[in-house]
Amino acid sequence: MFIAVDAMGGDHAPGAIVEGALQAVEEHQIPVLLVGDEESIRRELERLGKQESESLMVRHATERIEMGESPISAIRGKPDSSMRVALQLVKSGEASAVVSAGNSGAMLALAVTLLGTLKGVDRPAIVTAIPALGGRRCLLEAGANTECKPLHFVQFAIMGEVYAHWVRGIASPRVGVLSNGEEDSKGTDLTRLAHAMLKKAHLNYIGYVEGRDLNNGKVDVIVTDGFTGNVALKTLEGFAHFFQGQLRTLFMASWKSKLSYLLIRNALTDLRASLDPSEVGGAPLLGTDGLAIIAHGASSPKAIKNAIRVAEEASRQDINRKIVESLQALPEAALTVPESKSGRRLWASLRERFRHVRESHDPSEPMAEEVKKKV
């Protein structure tokens, strides 16, 4: 099955996209269907000394979705955009997955609109691989859902566990909920309810994890809402750039530091690769009824090649079927949201304060003033 690639999506399209697709075909023998303006794509192929083949084909689309374009206008105003046509190829069964480095909001909206969601999934989630000791770990949700419910966390955990096991190759992925502490009393109402539900799911659930655990290898699948996840992801990316810049400055400071660099440059090359997002290529949108990979807008050919590789691996492992089966196997207790105790604690506290005020009330003083002072 072909992987459909949106050749017109991204800051460096179509050049970087076509080049990355060629690398995927030649290095990994993955058949690719390039979707976009036929003339532009063929021109890039000619520049690279290549042409169409049985493993690299072109599907014409007359429109492209710009990076800053509204998702609503992308859905309603461009019926023949390269992104839409690529997704329709997945829906029709002509392609097994789609990869796009284009407008991520439009990609999310079109994927949900055209493909729909898997049975048992309320909201699709973006899963991204972050650098950690012992190999990359999965963080989800990374930006598609800024506001979530406890049941969404359970679904995210199942989808992340399936992806980590079958695509990342982790035998028994450890699943944790991102919080501000490891104790059960920490977190918010959302995380506490999700925490209680996940304890009853058939997962290797280890409980709450903190921000410091994102990279220490303690957990394999980190579950959170899209707002928190996106902030965490951007923070990690920013620190990686800062760290590499500081190393560059350090090793260029003197002839001694330059000599030190020569002695450890192989180790530094490995370190740089572990922090390089292009090694991962793209973030799968899990939960849609068809595989979709969202690549970074500034993706290089290497990043596109690896995004296509991830798409092919996810398709070959049939992870959508495995996600549905895992969701169906969840016990009812893991799907039932327990009653939140925070509201009851608040009212109990208020009642206690009011009782104390009544017992100590001086009849000569207005009750309202006493309540105002003490409550």
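About the centre of its Cα atoms, segment 1-120 shows a dipole size close to 480 debye [charges on the beta carbon of Lys, Arg (+1) and Asp, Glu (-1) only; nearest 20 debye].
I'm a student and want to see the number: the projected area of the Cα convex hull of segment 56-160, averaged over all directions, in nm². Its Cα hull, projected and averaged over all orientations, spans 8.7 nm².
Distance between the modelled labels on Arg43 and Asn266, one decimal in nanometres: 4.5 nm (7 Å Cα→Cβ projection). Averaging Cα coordinates gives a centre for segment 255-296 and one for segment 2-55; these two points are 23 Å apart. Charging the Cβ of each Asp and Glu at -1 and of each Lys and Arg at +1, and nothing else, the dipole of the chain about its Cα centre rounds to 1020 debye.
A full extension of the chain between Leu335 and Val231 corresponds to an added length of 34.7 nm, given 0.36 nm per residue minus the alpha carbon distance. Compared with the rule-of-thumb size 2.2 N^0.38 Å for a compact globular protein, segment 223-304 has a Cα radius of gyration ratio of 1.44. With bins 20 Å wide beginning at 0, the percent of Cα pairs of the chain falling in each bin runs 27, 47, 19, 6, 1.
Compared with the alpha-carbon gap, the fully stretched path from Ser70 to Arg321 is longer by 87.2 nm at 0.36 nm per residue. Using every pair of distinct Cα positions in segment 118-226, the Kirkwood expression returns a hydrodynamic radius of 13.5 angstrom.
What number do you get for segment 1-117 when its Cα radius of gyration is normalised by 2.2 N^0.38 Å, N = residues? The value comes to 0.99. When only the Cβ of Lys, Arg, Asp and Glu is charged (+1, +1, -1, -1), the dipole of segment 124-207 relative to its Cα centre reaches about 220 debye.
Antiparallel as a % of all DSSP beta bridges within segment 95-228, to the nearest 5? Antiparallel: roughly 20 percent of the beta bridges in segment 95-228. Comparing Lys91, Lys234, Lys199 in a Gaussian network model of the chain, where Cα atoms under 10 Å apart are tied by springs, the biggest mean-square fluctuation is seen for Lys234. Take the solvent-accessible surface of the protein heavy atoms, probe 1.4 Å, and return the percent of it on the chain that carbon and sulfur atoms account for. Summing carbon and sulfur atoms, their accessible area is 54 percent of the total for the chain. Distance between the 7 Å Cα→Cβ label points at Thr146 and Phe239: 2.4 nm. FRET efficiency for Asp11 and Lys119, Cβ-Cβ distance as r, R0 = 25 Å, nearest 0.05? FRET efficiency, Asp11 to Lys119: 0.10. Computed on protein heavy atoms with a 1.4 Å probe, the accessible areas place Arg321, Arg47, Arg168 in the order Arg47, Arg321, Arg168, largest first.
Remark: spin-label model distance Lys91-Ser172 equals 4.2 nm, labels positioned 7 Å along the Cα→Cβ axis. In the chain, the calculated helix contribution to ellipticity at 222 nm averages -15500 deg cm²/dmol per residue, counting -39,500 (n - 2.57) for every DSSP H run with n ≥ 4. Express as a percent, rounded to the nearest 5, the fraction of DSSP beta bridges in the chain (both residues included) that run antiparallel. DSSP beta bridges in the chain are roughly 25 percent antiparallel.
The values are calculated or read from the model by the stated rules, or taken from the named source; none is laboratory data. As the structure is a computational prediction, the values presented were derived from the model and not from experiment. Positions of Cβ are backbone-derived with ideal geometry, glycine not excepted, and every protein chain shown enters the neighbour counts. Keep in mind that these areas ignore ligands, DNA and RNA; they rest on the heavy atoms of the full protein, side chains included. Shrake-Rupley method; radii C 1.70, N 1.55, O 1.52, S 1.80 Å.
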